[in-house]
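The values are calculated or read from the model by the stated rules, or taken from the named source; none is laboratory data. A quick note: this is a predicted structure, and the numbers were derived from the prediction, not measured. Here Cβ is always computed from backbone atoms with ideal geometry, including for glycine, and neighbour counts include all displayed protein chains.
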């Protein structure tokens with residue numbers, strides 16, 4: 001049965017995050033030929049509407065309001081609820097990002113509906129859509145179906161391929177006014193510890209370090225390798241606890257869950273808490289001088305050796321390939 005599906009277009013640093021386009025691809029499966037409606041919230045977002053259309057949205061609703069310049073749960077949930085009330089969709093799809101994980105349960109509570117979080121795959125047949133999500137730290141998967149009411153779901157970045165971009169696609173872009181009131185949180189200033197870079201949850205290539213990097217300087221060759229590969233740097237909780245790097249880089253059960261195409265684990269033992277955050281990576285390369293390290297049990301390729309000897313060789317080889 002055809003459904004109208006709303007898709008939350010998440011914006012970061014003035015650009016649409018790739019998970020927005022992946023959410024459209026998921027929405028296409030849910031819609032079953034129905035309408036895909038993108039939703040953009042912010043202070044000035046109309047210029048991004050066509051990007052959603054080029055990736056498969058049929059129509060885009062832009063909600064521009066000074067109180068939506070920066071994300072706050074109160075303001076965004078109020079705006080989304082007014083869009084849902086006006087549009088009456090059968091489904092609402094978001095990315096399983098920091099914003100999506102915070103916003104989706106609030107919407108579910110307001111609507112008194114269920115929530116499927118962190119879906120990595122969808123299966124469709126003539127009757128229903130099945131969402132598949134990992135459980136038990138990725139050791140098993142469960143299949144979930146919404147039999148009645150609104151379908152509300154978040155999808156994990158880097159798991160559902162976006163549709164091919166079609167610059168010739170056209171669609172309506174409609175502005176909508178909303179009332180934002182009684183805010184409990186107001187953003188006065190945003191201070192970033194780092195500027196630019198690739199978001200860990202959407203990175204295709206991650207070079208990650210553990211306690212084996214031995215200190216802050218130990219992350220320098222990891223950063224150099226990541227730069228050469230066009231990726232970004234991550235870390236285990238052990239490295240963060242040892243103050244080798246900031247907690248914003250933490251990957252694992254209590255950090256970020258990532259699914260890159262290539263994950264290079266340097267000096268990481270492979271504790272279950274870390275493995276829970278990266279075990280679904282498409283290709284895992286482990287570098288560790290301990291041949292008994294648990295990380296090798298899940299790695300596709302393993303290098304037994306000192307990372308400070310192995311990484312310079314990899315960097316030198318990549319530079320020679322780039323030069324040639």
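A few points about this structure:
- Flag if residue 41 is in the same structural domain as residue 171 (by TED's automatic domain parsing), without any contact (Cβ under 8 Å) to a residue 60 or more places away in the chain and touching a helix residue (DSSP H, G or I) at 6+ places or on another chain (Cβ under 7 Å): yes
- Members of region 294-303 found to be out of contact with any helix residue (DSSP H, G or I) (no Cβ under 7 Å at 6 or more places or on another chain) and surrounded by fewer than 22 Cβ atoms within 10 Å (Cβ to Cβ), listed by number: 294, 296, 297, 299, 300, 301
- Among the candidates 225, 313, residue that is farther than 27 Å from residue 100 by Cα, in contact with a strand residue (DSSP E or B) (Cβ under 7 Å, 6 or more places away or on another chain) and either part of a helix (DSSP H, G or I) or modelled with pLDDT of 95 or more (or both): 225
- The lone criterion from (1) farther than 14 Å from residue 41 by Cβ; (2) touching a helix residue (DSSP H, G or I) at 6+ places or on another chain (Cβ under 9 Å) left unmet by residue 80 is number (1).
- Of all residues assigned to region 140-149, none qualifies as being in contact with a helix residue (DSSP H, G or I) (Cβ under 9 Å, 6 or more places away or on another chain) and buried (at least 17 other Cβ atoms within 10 Å of the Cβ).
- Matching residues in region 4-19 - criterion: being within 18 Å of residue 80 (Cα to Cα), without any contact (Cβ under 8 Å) to a residue 60 or more places away in the chain and part of a strand (DSSP E or B): 11, 16
- Residue that is farthest from residue 210 (Cα to Cα) [pool: residues in region 246-269 that are surrounded by fewer than 22 Cβ atoms within 10 Å (Cβ to Cβ) and free of Cβ contacts under 8 Å to residues at least 40 places away in the same chain]: 254
- Yes/no for residue 267 being in the same structural domain as residue 235 (by TED's automatic domain parsing) and at positive phi: yes
- Qualifying residues in region 159-198 (those that are out of contact with any strand residue (DSSP E or B) (no Cβ under 9 Å at 6 or more places or on another chain) and at positive phi) - the one modelled with the lowest pLDDT: 196
- Every listed requirement among (1) under 25 Å from residue 258 (Cα atoms); (2) surrounded by fewer than 17 Cβ atoms within 10 Å (Cβ to Cβ) is met by residue 46 save one, (1).
- Total residues in region 255-278, condition assigned to a helix (DSSP H, G or I) and more than 11 Å from residue 238 (Cα to Cα): 5
- Condition check for residue 291: out of contact with any helix residue (DSSP H, G or I) (no Cβ under 9 Å at 6 or more places or on another chain) and part of a loop (DSSP other than H, G, I, E, B): yes
- Restricting attention to region 34-61, the residues that are more than 12 Å from residue 172 (Cβ to Cβ) and in a loop (DSSP other than H, G, I, E, B) add up to 6.
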